[in-house]
1. Given points 7 Å out from each Cα along the Cα-Cβ axis, report the Arg41 to Glu24 separation in nanometres with one decimal.
2. Would you work out what percent of the accessible area of the stretch 27-86, with all protein chains in place, is carbon or sulfur (probe 1.4 Å)?
3. As a test question: what accessible area, to the nearest 10 Å², does Asp220 have when a 1.4 Å probe is rolled over all protein chains in place?
4. Determine how large the accessible area of Thr264 is when every protein chain is in place; take a 1.4 Å probe and give Å² rounded to the nearest 10.
5. Under 5 Å between amide H atoms, partner at least 5 residues away or on a different chain: which partners does Tyr135 have, H built in plane at 1.01 Å?
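The values are calculated or read from the model by the stated rules, or taken from the named source; none is laboratory data. Quick caveat, the model's predicted, so the values are computed rather than measured. As a convention, Cβ positions derive from the backbone with ideal geometry for all residues, glycine included, and neighbour counts pool all protein chains shown. Heavy atoms of the whole protein, side chains included, go into the accessibility calculation; ligands, DNA and RNA do not. Shrake-Rupley method; radii C 1.70, N 1.55, O 1.52, S 1.80 Å.
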Amino acid sequence: MDSADALRLFELDNNVVPLSTSDEKVYCYDGQLQRDQLDKRPWRTDPRYYRKVEISSIALVKMVMHARSGGDIEVMGLMLGKVVGQTMVVLDAFALPVEGTETRVNAHHESYEYMVQYLEQCQAAGREEPVIGWYHSHPGYGCWLSGIDVETQMLNQKFQEPFLAVVIDPKRTMSAGKVDLGAFRSFPEGHTAAKSQETDSDGFQSVPLNKIEDFGVHADKYYPLEVGYFKSSLDQRLMERLWRKHWVTTLSQSPLITNGEFTTLKMLELAEKINIFSKDAKRNVSSGQIIRESDAIAEEVSQGYASNMIKRRLFGGT
């Protein structure tokens with residue numbers, strides 16, 4: 001499998017939809033139209049006004065590459081775009097030089113300077129799209145907002161509406177072969193969200209035990225948006241150049257080898273959850289969660305094995 005075939009498979013797995021010629025006008029930014037939409041401030045009367053986010057393939061690959069480069073450390077960046085009705089559209093993204101730890105990312109003075117310079121250069125080059133949100137990585141523990149993330153998002157929405165939060169899990173992306181990404185917006189202060197209404201019954205998050213409490217405590221302070229991906233004919237050449245770098249550095253590697261340690265940790269985590277459930281079924285661990293996590297691990301290992309077998313047949317490797 002070469003990089004071109006891998007790119008087509010990536011687009012198929014993540015349902016990247018090609019835009020028609022008429023739809024490519026999404027890349028045309030009309031400042032006055034945006035101001036007219038935002039002057040109405042519809043999010044004040046409907047906290048869940050924005051229900052969907054569309055992300056360009058260019059922005060998607062740039063965010064995945066950045067998240068992957070961070071390893072076990074959280075990384076952070078910003079997204080440029082606009083709104084179209086109740087949909088937030090991400091057209092581009094850029095990384096921020098931030099200092100991160102395994103649990104949080106902090107933007108410092110140098111990061112703000114870099115951000116201002118980047119935006120000034122974009123405007124000088126004729127790019128008028130404003131910052132529409134921020135993204136950061138959760139290496140190995142799923143796509144959701146921690147308490148710190150919720151506070152950051154609420155602050156951004158208070159002063160920079162409309163604003164979006166995107167979370168990427170690079171380890172699960174590599175393990176599953178499909179981008180693990182979530183998009184969220186927080187509710188305003190004082191908003192009371194019914195748990196039954198804000199929890200997606202079809203959604204599934206395998207959250208490590210040391211983060212389950214943080215996950216549960218803040219789950220009703222934000223809501224997820226439906227996520228879609230698109231590309232235009234003009235994206236193709238740039239996408240191919242970006243992809244070649246991404247393919248060589250990450251996706252051409254064997255997931256069984258690169259994610260061996262991560263898979264082992266997930267197995268140990270699952271064993272601990274089974275032990276907790278057997279002793280106290282009232283804890284934050286359910287039988288359904290255990291079954292789904294075990295199924296997910298088995299599926300990821302199976303996909304990794306299948307990928308290795310295909311490469312052996314194509315390249316005659318070991």
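1. Simple spin-label model gives 3.9 nm for this pair.
2. Details: 1390 of 2760 Å².
Carbon and sulfur atoms account for 50 percent of the accessible area of the stretch 27-86.
3. 40
4. About 80 Å², rounded to the nearest 10.
5. Excluding prolines and chain starts, which carry no amide H, the hits are Gly77, Leu78, Met79, Val166.
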